[in-house]
Amino acid sequence: MQVTETLNDGLKRGYTITVSAAELDEKVNEKLAEAQPQVEMKGFRKGKVPMPLLKKQFGQRVMGEVMQETIDGAMNAHFEETGDRPALQPEVKMVGEDWKEGDDVVVEMTYEALPEIPELELKGIALEKLVVKAGDGEIDEALEKLAESAQNFQDRRKGSKAKEGDQVVIDFVGKLGDEPFEGGAAEDYPLVLGSQSFIPGFEEQLIGAKAGEEATVTVTFPEDYGAEKLKGQEATFDVTVKAVKAPKPAEIDDELAKQFGADDLAALKKTVAERLEAEFAGAARAVMKRQLLDVLDEKVSFDLPPSLVEAEAKQIAHQLWHEEHPEVQGHDHGEIEPTEEHQTLAERRVKLGLLLAEIGRKAEVTVSDNEMTQAVMAQARQYPGQEQQFFEFVRQNPQMQQQLRAPIFEDKVVDYIAELAEVSEKEVSKDELQEAVEKLEEE
């Protein structure tokens, strides 16, 4: 076997791999000899089929296996010898379309190598960590929201008109034309006006209604409605309003605390404070992570594989286009050309991705099976009732596994760097932290 370099330009590499016909033939014979004791063929005892007959019967199939194994072996040996790591799967193609048995096999292999990434003194990095304490004001605000979520409703004075935020208790029957449709009726249904839990337009038509009144509500089902026969259809609902109730927030007391699993109000306040400070810490970590990435981006420079930058730029352009056109659900639109801004962002992402990957590799950072399981479970919660199908999909999809693993790995590398860096704490207000987070979102 012979490997000859044909391209060495920046990170681009090209090689010709030649495997002689004699070497291929020898390996085919070795494989057939290994299999011979197990081969049965009519007219011969098991293991006694002559080699020429074996070769005639199975030689072509074995030759294909040998060619693949030999080329794969040559590639692996090349990468081990040179230390190159391809940025993407190498492109391998056979030279000559008229190859026949007895000819040498010649293949061309091209790829972009991952760049040499310079060493970085992590201990010299200075970072600032924002710290927010949960004060009485924040705790009281959180308790008020809990009280609102636990609110009850009490009957309004007789003859009062329903307002947005009120609860109306209704009986209703839905009809297409004059015919009631399946699933379109209920009795004593408690509907909060403004909750947007019903078809668009339904709740608004009950604002101003009084207990004891009857009304006809006309709506049009959305085109993406779940029931096929109702999509885009105009329907009427005969509604009887049985009660109009005003919201009454729960009292912030020991009873409220017990609703949320705490022994008393003091215990609930402590739990709320811990939750708030955990939320603040998460937001502060995001701010510090961006600060760290900015520092790394400024400190390190190296060549980037063009193929990775191009793929990332296209991905960014595609994602941002869909964010600007949320009405387009599929991907059957025209090609979206990346802009210079997309290209610049792609270069930063690829650069930082390669740098963090190299730091993590040298530090032997790994993602455990338990961490992956937690990530899969968190993602599966977005598909209620289909969790098992999602687990199976992830199990059979290496690309999806990598999508889930990548952010975990990145966060662990960031934590590793932060442990080595010089981190100073700065106590700030909730508003100052929020301002820092909003600045990140703007960028």
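Take M41 and decide whether it is modelled with pLDDT under 90, open to solvent by less than 60 Å² (accessible area, probe 1.4 Å) and not small (G, A, S).
Against the criterion (modelled with pLDDT under 90, open to solvent by less than 60 Å² (accessible area, probe 1.4 Å) and not small (G, A, S)), M41 qualifies.
In segment 368-384, how many residues are part of a loop (DSSP other than H, G, I, E, B) and of a type in the set (S, T, Y)?
Here the count works out to 2.
Which one is nearest to T236 (Cα to Cα), of the residues in segment 149-168 that are over 41 Å from the mean Cα position of the chain (by Cα) and in a strand (DSSP E or B)?
Ranking the qualifying residues of segment 149-168, first place goes to D155.
Could you give me the residue pairs with C-beta distances under 8 Å whose first residue belongs to segment 385-406 and is part of a helix (DSSP H, G or I), whose second residue is small (G, A, S) wherever it lies, and which are 6+ apart or on separate chains?
E387/A380; F390/A380; F391/A380; L404/A375; R405/A375
Is it fair to say A278 is part of a helix (DSSP H, G or I), exposed (fewer than 12 other Cβ atoms within 10 Å of the Cβ) and modelled with pLDDT of 90 or more?
Considered against the rule, which asks whether it is part of a helix (DSSP H, G or I), exposed (fewer than 12 other Cβ atoms within 10 Å of the Cβ) and modelled with pLDDT of 90 or more, A278 comes out as yes.
For segment 174-191, what are the residues that are open to solvent by 50 Å² or more (accessible area, probe 1.4 Å), touching a residue at least 24 places away in the same chain (Cβ under 8 Å) and closer than 14 Å to K242 by Cβ?
D188, P190
Which residues, taken from segment 410-426, are open to solvent by less than 50 Å² (accessible area, probe 1.4 Å) and either farther than 20 Å from V350 by Cα or within 21 Å of the chain's Cα centre (by Cα) (or both)? Talk me through it step by step, then tell me what you get.
As a first pass, look at segment 410-426 and keep what is open to solvent by less than 50 Å² (accessible area, probe 1.4 Å): 413-414, 417-418, 421.
Scanning segment 410-426 gives V413, V414, A418, A421.
Among the candidates E116, E182, E144, which residue alone is part of a strand (DSSP E or B) and either at pLDDT below 95 or under 30 Å from L296 (Cα atoms) (or both)? Step through it out loud before you land on a result.
Numbers: E116 fails: part of a strand (DSSP E or B); E144 fails: part of a strand (DSSP E or B).
Matching residue, one of E116, E182, E144: E182.
Consider segment 105-128. How many of its residues are touching a residue at least 24 places away in the same chain (Cβ under 8 Å) and open to solvent by 80 Å² or more (accessible area, probe 1.4 Å)?
2
Condition check ((1) among the small types (G, A, S); (2) out of contact with any Lys or Arg (no Cβ under 8 Å at 6 or more places or on another chain); (3) open to solvent by less than 50 Å² (accessible area, probe 1.4 Å)) across all residues:
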{"site": "M372", "(1), (2), (3)": "no, no, yes"}
{"site": "Y383", "(1), (2), (3)": "no, yes, no"}
{"site": "Q389", "(1), (2), (3)": "no, yes, no"}
{"site": "Q396", "(1), (2), (3)": "no, yes, no"}
{"site": "A406", "(1), (2), (3)": "yes, yes, yes"}
{"site": "D431", "(1), (2), (3)": "no, yes, no"}
{"site": "V437", "(1), (2), (3)": "no, yes, yes"}
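Return yes when V192 is more than 30 Å from A142 (Cβ to Cβ), at pLDDT 90 or above and of a type outside the set (D, E) and no when it is not.
In short, no.
Checking R361 against (1) open to solvent by 40 Å² or more (accessible area, probe 1.4 Å); (2) touching an Asp or Glu at 6+ places or on another chain (Cβ under 8 Å); (3) closer than 16 Å to R405 by Cβ, which single condition isn't satisfied?
For R361, the exception is condition (2).
Do you know which of the residues in segment 196-248 that are without any contact (Cβ under 8 Å) to a residue 60 or more places away in the chain and part of a strand (DSSP E or B) is most open to solvent (accessible area, probe 1.4 Å)?
Applying the filter and picking the extreme gives E214.
Only residues that are in a helix (DSSP H, G or I), in contact (Cβ under 8 Å) with a residue 12 or more places away in the chain and of a type in the set (S, T, N, Q): list them for segment 1-52, please.
Answer for segment 1-52, where residues must be in a helix (DSSP H, G or I), in contact (Cβ under 8 Å) with a residue 12 or more places away in the chain and of a type in the set (S, T, N, Q): N29, Q36.
Of the residues that sit in segment 4-52 and are touching a strand residue (DSSP E or B) at 6+ places or on another chain (Cβ under 7 Å) and among the hydrophobic types (A, V, I, L, M, F, W, C), which one is farthest from I117 (Cα to Cα)? Break it down stepwise before answering.
First, pick out the residues of segment 4-52 that are touching a strand residue (DSSP E or B) at 6+ places or on another chain (Cβ under 7 Å): 4-7, 11-19, 24, 49.
With the extra rule that they be among the hydrophobic types (A, V, I, L, M, F, W, C), the set shrinks to 7, 11, 17, 19, 24, 49.
Working: L7: 21, L11: 13, I17: 28, V19: 34, L24: 39, V49: 57 Å.
The qualifying residue farthest from I117 (Cα to Cα) is V49.
Does E80 fit the bill of being closer than 30 Å to T6 by Cβ, part of a helix (DSSP H, G or I) and open to solvent by 40 Å² or more (accessible area, probe 1.4 Å)?
Against the criterion (closer than 30 Å to T6 by Cβ, part of a helix (DSSP H, G or I) and open to solvent by 40 Å² or more (accessible area, probe 1.4 Å)), E80 qualifies.
The values are calculated or read from the model by the stated rules, or taken from the named source; none is laboratory data. No experiment lies behind these values; they were computed from the predicted model shown. Counting neighbours? That spans all protein chains shown, and the Cβs are built from the backbone with ideal geometry, glycine included. Protein only, heavy atoms only, side chains kept; ligands, DNA and RNA dropped before computing areas. Shrake-Rupley method; radii C 1.70, N 1.55, O 1.52, S 1.80 Å.
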